[in-house]
2 protein chains.
Amino acid sequence: MQVRMKDVAKKLGVSVATVSKVVRGHPDISPKTKERVQSIIKELNYRPNLAARSLRAGRSQMVGLVVPDILHSFFAEIAKGVGNRIHPKGYNVVLFSSEESPELEIEGIESLLARQVDGLIVATTLTEAQSDVFRRIDEQNTPYVLVDRKIPGLQANYVGVDDEEVGALATEHLVQRGNRRIAHIQGPEISTAYERLKGYLGALARHRLTMPAEYIVKVGSSDVIAEDHGLQAMCRLLALPERPDAVFCFNDLAALGASRAILKAGLRIPADIALIGVANMPHLDMLGVPLSTIDQSSVQIGDRAAKLLLRRMESASGSRPTRIYIPPKLIVRASSAIPPSTRGEMKKAEVLPQLVAMERRK
Amino acid sequence: MQVRMKDVAKKLGVSVATVSKVVRGHPDISPKTKERVQSIIKELNYRPNLAARSLRAGRSQMVGLVVPDILHSFFAEIAKGVGNRIHPKGYNVVLFSSEESPELEIEGIESLLARQVDGLIVATTLTEAQSDVFRRIDEQNTPYVLVDRKIPGLQANYVGVDDEEVGALATEHLVQRGNRRIAHIQGPEISTAYERLKGYLGALARHRLTMPAEYIVKVGSSDVIAEDHGLQAMCRLLALPERPDAVFCFNDLAALGASRAILKAGLRIPADIALIGVANMPHLDMLGVPLSTIDQSSVQIGDRAAKLLLRRMESASGSRPTRIYIPPKLIVRASSAIPPSTRGEMKKAEVLPQLVAMERRK
DNA sequence: TTGAAAGCGTTACCAA
DNA sequence: TTGGTAACGCTTTCAA
């Protein structure tokens, strides 16, 4: 059924060793034999069995990619970056979506290790307490690269943005625009959320601004359902005696939810409350109020992670972990764009047309 | 380095055959041996080498998934559906993104076949002329399922929506709302585009409406850059002596581009031009004018495709191709929602507030 | 330049 | 119920 090397060899009266060498472009083969073998390979439509090759060679030419949710455009972009980098090198991507479940993630990683992937790229949902999977990966001498999320206390290759800088960049921007009551809708229990919070607090401190404790609202759960949580968090902020004039949201999904809450309350963005998210998700520049955000160059994160992994897979193991930080980029759109001088002076009726005009000029 | 079955067997003084049976849950093993073996497996952290198993068993427990672009939410949703269905069955997904390139797609499929995947799910970019890859897949006796896009003349398992119905549903809706000059921004050279066009034409015919030939504008290229093309196509429509009062766009991305063009021209959606797309992409309900669309239940498409594939992989080959159609769902939002009676009677200034109010009521 | 043969880690058949 | 052993298709070493 399947054409094997043996079949090609038999048809030509040469040995399988010869065919094997031709297939892999091994040098010591006469041009004539090479050509004859190649023509038979074409004729029989022979394809080497990569399972056999993996077993024999001890390398599978596969890379495992574990993400919390492939639906989140951020992770899809990472997947794209990884694929585009490694496919030309003859590797395939085995994708595992952990659905934000640590247990599933561990199962996924184990299954990929069993598959003998040559390396792993992981956007992890695991906490420090669950991180022994990574030590098990190390034991196997399988290189891996963490992307987006880090695990405190784990020395590992990492590619992502500096999330403290993300938080600082966003908050700084809101301050520059004259906002003085800046709240933060915080993300779930992952490193990115902590560091963005740290950046937010740092920026406030630099400007000697202090906020009431209730201005930091915790989004209880994962990235995926962040929209609902953003909405709920925003509702809580709106109920405060003195409501914020700007909100830095953990990510764009949270900002989306927050903006729903703001509009529902009959308030205006950014005239009443300015908003900024993180991720630069596609098409959010076409929202009713285009959303300001921080771009993380996610395709590039995937690309760089794959590049780093390729290097680690090729070289002998043992080099110290590398951390690569991609600079975040502030993208200012209407949701945080109204200059502070205008604030308060605008009549309600003026706001929407202005936004529409702003959009048109683009 | 790697723990092998042999190591487990040696440590316990049993044979590898026994260990193998325990690992796979083979019945004739005494409870006592089973337990002892299992405890050693845990202790040594043994994981079966799936490359070896694949080679020996002739089945890899991997499914190949080929999509034109994982960034497109539609395909990411399919990937999610597939993964969620097959992971619990012990399969892994090998993902290949063809970047809308037929050549790359063929390479990708070949690499997956070489990897001995047990089955393939493909959203193809190939035309009938290039379809012999699929016959080669058949020769290998590897089952495959096409999703979203069909190839004319190729008898194959298929899961998707009935795109003619999609086109009819969208067009019918625009007609119902009182639109009489309904244009269509057509998709690229793929089955879905043809069939949506067919549905559009059918619906118009049923209502005895005829449109000028220029009302059908061809988007030259792939799904991915459909936003630019939608914009260009819309510009052409706007330049016509009698411009349309509604546009059925091949997909949401094209509609996004079209709406950019409409707003730039200083026109209003839907007061001047109503718009509807296809795909129900996430978050487009939060656009300045929320976008009407047709939902394709894409996660379900992935799920059903995987289910069908599992059946085909388990049963002996030879059954006739199955085609599964998921019913499309019309989702009416503001971009096509203004009742026809209001049309023309509204002053420009009234439109935006109305839309905002509409959004708030949600 | 070519080929024979060992062996990668597993499974499955058959014998004990 | 257990174990010996021959494959699975390929790579690689070493000899011819």
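Throughout, read-outs are computed from the coordinates displayed, never taken from laboratory work. All of these numbers come straight from a predicted model, not from anything done at the bench. Here Cβ is always computed from backbone atoms with ideal geometry, including for glycine, and neighbour counts include all displayed protein chains.
So residue B:208 clears everything in (1) in a helix (DSSP H, G or I); (2) of a type outside the set (S, T, N, Q); (3) on the phi > 0 side of the Ramachandran plot except one condition, right? Which one? The one condition residue B:208 does not meet is (1). Taking every residue in segment B:17-28 that is within 14 Å of chain A (Cβ to nearest Cβ) and pairing it with any residue that is more than 8 Å from DNA strand D (Cβ to nearest atom) and assigned to a loop (DSSP other than H, G, I, E, B), at least 6 positions away or on another chain, the pairs with Cβ-Cβ distances below 9 Å are B:23/B:46; B:23/B:48; B:24/B:48.
When segment B:4-27 is examined, which residues are found to be surrounded by fewer than 17 Cβ atoms within 10 Å (Cβ to Cβ), within 20 Å of residue B:57 (Cα to Cα) and more than 7 Å from DNA strand C (Cβ to nearest atom)? Across segment B:4-27, the qualifying residues are B:15, B:25, B:26, B:27.
For segment B:230-262, the candidate set comprises residues that are in contact (Cβ under 8 Å) with a residue 40 or more places away in the chain and farther than 16 Å from residue B:293 by Cβ; within that set, the residue that is surrounded by the fewest Cβ atoms within 10 Å (Cβ to Cβ) is B:242. The set of residues from segment B:41-61 being surrounded by 19 or more Cβ atoms within 10 Å (Cβ to Cβ) and more than 9 Å from DNA strand C (Cβ to nearest atom) comprises B:41, B:60, B:61. Taking segment A:78-89 as the range and being within 8 Å of chain B (Cβ to nearest Cβ) and either within 17 Å of residue B:109 (Cβ to Cβ) or crowded, with 24+ Cβ neighbours inside 10 Å (or both) as the test, the residues that pass are A:79, A:83, A:87.
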